[in-house]
1. State the answer as a single residue: which of S30, V79, A51 lies farthest towards the positive end of the charge dipole of the chain, with beta carbon charges of +1 for Lys and Arg and -1 for Asp and Glu, about the Cα centre.
2. Pick from Q47, Q61, Q139: which residue has the top mean-square fluctuation in a GNM of the chain where Cα pairs under 10 Å get a spring?
3. Just to check I understand the Karplus step: with θ = phi - 60° and J = 6.51 cos²θ - 1.76 cosθ + 1.60, what whole-Hz values come out for region 66-82, glycine and proline as x?
4. Return the long-range amide H neighbours of H144 (sequence gap of 5 or more, or a different chain), with a cut-off of under 5 Å between placed amide H atoms.
5. Over the C-alpha atoms of the chain, what are the Rg and the largest Cα-to-Cα span, Dmax, in Å?
6. Quickly estimate the mean residue ellipticity at 222 nm for the chain, helices only: each DSSP H run with n ≥ 4 gives -39500 (n - 2.57), and the total goes over all residues, rounded to 500.
7. Name the residue, out of R140, R111, R73, whose mean-square fluctuation peaks in a Gaussian network model built on the chain with Cα pairs under 10 Å.
8. Send over the semi-axes of region 91-131's equivalent ellipsoid, whole angstrom and largest first, taken as the square roots of 5 times the C-alpha gyration tensor eigenvalues.
Amino acid sequence: MSAFPSGVTLMTTTGPDGEPRGFAASSFCSLSLDPALVLVCLAKTAQCHDAFLQNDQWSIQIAGAAHIDLINRFSTKGVDKFGGGEFLPDHRGVPVLLDAAVLIECEAHERYDGGDHTILVARVIEVDLDDRPAVLYFQREFRHLDHQMAEGDFR
């Protein structure tokens with residue numbers, strides 16, 4: 001799958017103890033326009049897995065180029081993912097990254113078994129867009145798009 005470029009998201013919620021929980025994922029996509037649904041796949045071995053089963057209030061942040069260190073932190077087991085102070089609780093208490101390229105407030109719609117992952121389907125409540133370009137993950141490296149292709153560039 002490393003040959004398929006994808007955006008990187010940081011998905012957050014809170015655990016039963018009220019503490020923030022989250023993970024980084026490149027397995028994110030739009031699912032439906034009506035109702036507005038997106039999906040993200042979460043490894044069943046993730047430390048935050050149970051929190052996403054127990055809490056229906058979620059936030060999805062599409063990361064920008066300035067968030068590479070944060071993405072790496074969210075991708076590493078056993079580290080304090082929220083220790084850098086980048087996240088603040090929203091009106092629901094869910095941690096949000098205010099300078100994300102895109103911030104999606106959402107809630108659980110469905111959860112499905114997906115082998116060694118759980119497929120989280122989220123109903124979109126609100127979307128905040130920023131002018132910052134999103135970061136891409138391609139061939140095991142982070143990249144960003146620094147220009148738009150002209151119509152004649154497509155082959």
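1. V79
2. Looking only at Q47, Q61, Q139, the largest GNM fluctuation is found for Q139.
3. Per residue, the Karplus-derived 3J(HN,Hα) values read 6, 9, 4, 4, 5, 4, 4, 5, 5, 8, 10, 6, x, 10, 7, 5, 9 Hz.
4. L136
5. Cα only, the chain: 15.5, 55 Å (Rg, Dmax).
6. The per-residue figure over the chain is -2000 deg cm²/dmol.
7. Its mean-square fluctuation being the largest, the pick is R140.
8. Each semi-axis is √(5λ); the values are 24, 12, 10 Å.
Every read-out reported here was derived from the displayed coordinates using simple, explicitly stated rules and does not represent laboratory data. The model shown is predicted, which means the values in this text are computed figures rather than measured ones. Here the Cβ is made from the backbone with ideal geometry for all residues, glycine too, and neighbour counts use every protein chain on show.
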